[in-house]
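Following: one structure in structure tokens, then a few remarks.
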Amino acid sequence: MLSSRRFQEEKAPKVKSLPPEERGRYKVATIPNAICAGRIAATPLIGYLVVQHHFTPAFALFTVAGASDLLDGWIARNVPGQKSLLGSVLDPVADKLLISTMFITMTHAGLIPLPLTSIVILRDVCLIAGGFYKRYQVMSPPYSLNRFFNPQVSSMQVVPTMMSKINTVLQLSLVALALASPVFDFSVAANEAIFALGCATAVTTVYSGLQYASGKAIKKL
């Protein structure tokens, strides 16, 4: 037990010894992480509103959630000490949880076709499983749950590819427009444009998923 603890201390960087600009990397309590946590907490409520066909409040909350995603990203990039390794993982998790919930509930409500939702959910499940496997690969022994979830041990960072960013924008746009359709009573032409957007979303979902599978979006620090 003592040898394992000593090994962990040797392998994990001592945060206090790092330069001030580097210490934020290992923080947990940051503003962006708190915003991500709030977005995760709001996700079940938005999904419930969609299932109950309360589309107007669901659309309003989804818009706020989307704005919070932009806000936490801006803070992490521009405010010193607010960018963390945990945030690089928590932010995409919050996004995927929100998007997956929206696709599932909106399919239930008849706003998004089942085949597209199946593609999106399958990709996200594979990404999560692949992320855990990649984390196991880059870790140095000994292995334990405590070390597995410790960002200071064998640090790794999720770096989304350009195609993944495009796909996220398309998914969010599709959800927003499909959810707005019953709220604002879109025309037939507008709904056809939403269908075309869904096709583009399916293509980029598959392509970006293959990029993640190759390991291009995860790097060891």
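Go through (1) modelled with pLDDT under 85; (2) farther than 26 Å from Tyr143 by Cβ; (3) not acidic (Asp, Glu) and name the single condition Ser17 misses.
With respect to (1) modelled with pLDDT under 85; (2) farther than 26 Å from Tyr143 by Cβ; (3) not acidic (Asp, Glu), Ser17 is out only on (2).
For the stretch 37-54, give me each residue that is more than 17 Å from the chain's Cα centre (by Cα) and open to solvent by 30 Å² or more (accessible area, probe 1.4 Å).
Selection gives Leu45, Tyr48, Val51, Gln52, His53, His54.
I need a count of the residues in the stretch 107-151 that are within 15 Å of Leu210 (Cα to Cα) and free of Cβ contacts under 8 Å to residues at least 60 places away in the same chain.
6
Within the stretch 43-64, count every residue that is of a type in the set (Gly, Ala, Ser) and either over 22 Å from Gly110 (Cβ atoms) or out of contact with any helix residue (DSSP H, G or I) (no Cβ under 8 Å at 6 or more places or on another chain) (or both). Step through it out loud before you land on a result.
Taking the stretch 43-64 as the starting set, the residues that turn out to be of a type in the set (Gly, Ala, Ser) are 47, 58, 60.
Those left that are additionally either over 22 Å from Gly110 (Cβ atoms) or out of contact with any helix residue (DSSP H, G or I) (no Cβ under 8 Å at 6 or more places or on another chain) (or both): 60.
Looking only at that region, the number is 1.
Yes or no, residue by residue, for (1) under 18 Å from the mean Cα position of the chain (by Cα); (2) in a helix (DSSP H, G or I); (3) at pLDDT below 85; (4) among the aliphatic types (A, V, I, L, M):
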| position | (1), (2), (3), (4) |
| --- | --- |
| Gly87 | yes, yes, yes, no |
| Ile104 | yes, yes, no, yes |
| Leu111 | no, no, no, yes |
| Thr117 | yes, yes, no, no |
| Ser140 | no, no, yes, no |
| Asn146 | no, yes, yes, no |
| Ala180 | no, yes, no, yes |
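Restricting to the stretch 61-81, give me the number of residues that are part of a helix (DSSP H, G or I) and either open to solvent by 50 Å² or more (accessible area, probe 1.4 Å) or within 15 Å of Ala178 (Cβ to Cβ) (or both). Talk me through it step by step, then tell me what you get.
Here is the first cut: in the stretch 61-81, the residues part of a helix (DSSP H, G or I) are 61-78.
Of the ones still in play, those that are also either open to solvent by 50 Å² or more (accessible area, probe 1.4 Å) or within 15 Å of Ala178 (Cβ to Cβ) (or both) are 61-64, 66-67, 70-71, 74, 77-78.
Looking only at that region, the number is 11.
Leu172: modelled with pLDDT of 95 or more, assigned to a helix (DSSP H, G or I), out of contact with any Cys (no Cβ under 7 Å at 6 or more places or on another chain) and not aromatic (Phe, Trp, Tyr), yes or no? Outline the logic, then answer.
Values: modelled with pLDDT of 95 or more: no; assigned to a helix (DSSP H, G or I): yes; out of contact with any Cys (no Cβ under 7 Å at 6 or more places or on another chain): yes; not aromatic (Phe, Trp, Tyr): yes.
So Leu172 fails the test.
Scan Ile121, Ile194 and give me the residue that is modelled with pLDDT of 90 or more, open to solvent by 30 Å² or more (accessible area, probe 1.4 Å) and either under 24 Å from Gly73 (Cα atoms) or not in a strand (DSSP E or B) (or both).
On the way: Ile194 fails: open to solvent by 30 Å² or more (accessible area, probe 1.4 Å).
So the residue among Ile121, Ile194 that is modelled with pLDDT of 90 or more, open to solvent by 30 Å² or more (accessible area, probe 1.4 Å) and either under 24 Å from Gly73 (Cα atoms) or not in a strand (DSSP E or B) (or both) is Ile121.
A quick yes/no check of all residues on (1) of a type in the set (Gly, Ala, Ser); (2) in contact (Cβ under 8 Å) with a residue 24 or more places away in the chain:
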site: Gly47; (1), (2): yes, yes
site: Leu61; (1), (2): no, no
site: Ser84; (1), (2): yes, yes
site: Val89; (1), (2): no, yes
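Which residue is farthest from His53 (Cα to Cα), if the candidates are limited to the stretch 87-108 and must be open to solvent by 20 Å² or more (accessible area, probe 1.4 Å) and among the aliphatic types (A, V, I, L, M)?
Among those that are open to solvent by 20 Å² or more (accessible area, probe 1.4 Å) and among the aliphatic types (A, V, I, L, M), it is Val89.
Show the residue pairs that are 6+ apart or on different chains and have beta-carbon atoms under 6 Å apart, the first residue being within the stretch 14-42 and more than 13 Å from Ser88 (Cα to Cα), the second being open to solvent by 90 Å² or more (accessible area, probe 1.4 Å) and at pLDDT below 85.
Final answer for the pair search is Val15/Arg23.
The values are calculated or read from the model by the stated rules, or taken from the named source; none is laboratory data. No experiment lies behind these values; they were computed from the predicted model shown. FYI the Cβ positions are ideal-geometry reconstructions off the backbone, even for glycines, and counts take in every protein chain you see. Keep in mind that these areas ignore ligands, DNA and RNA; they rest on the heavy atoms of the full protein, side chains included. Shrake-Rupley method; radii C 1.70, N 1.55, O 1.52, S 1.80 Å.
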